[in-house]
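Data first, discussion second: the structure below is written as structure tokens.
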Amino acid sequence: MAPDALCALCGLMIAALTHFHVASAQKSQCGSSEFLNSDLDVCVPCASCKQYPKTPSCNTCKPVEDTPDVWKLAAITSFSVLAVVLVGAALIIGVMVHRRKSRPLREPIEETAGPLYQA
């Protein structure tokens, strides 16, 4: 009876190893952003874990980092700086033009024919 028990034990070990090998082969068929749903035997995207966080095997997914929209922040900052520069330049030009117009010429400009302009 010992040889029969030994054969049965060997058969169980072979079946278990085969099962684990098939499970690992199926798991490796899933992409890096997927996990194997053992109930359905299909690969499920890890993005579904955000909507359904208590899904079994979600812990096998790598945490997906939400990439902040850096370009939006850069665009808002650059356009704000551009607006401040344009408004500042307009104010400076306006003040300069206003001061120029409000100050009359004190002396008339005379043209002289000095030694450089001899004919």
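What's the FRET efficiency of Val95 with Lys72 using the Cβ-Cβ distance as r and R₀ = 25 Å, to the nearest 0.05?
Approximately 0.10, to the nearest 0.05.
Which order do the peptides 87-99, 36-48 take when ranked by the mean count of other beta-carbon atoms within 10 Å per residue, highest first?
Highest to lowest by the protection proxy: 36-48, 87-99.
None of the figures in this text is laboratory data; all of them are computed from the coordinates on show. Being a predicted model, the structure only gives us computed values, none of them experimental. Counting neighbours? That spans all protein chains shown, and the Cβs are built from the backbone with ideal geometry, glycine included.
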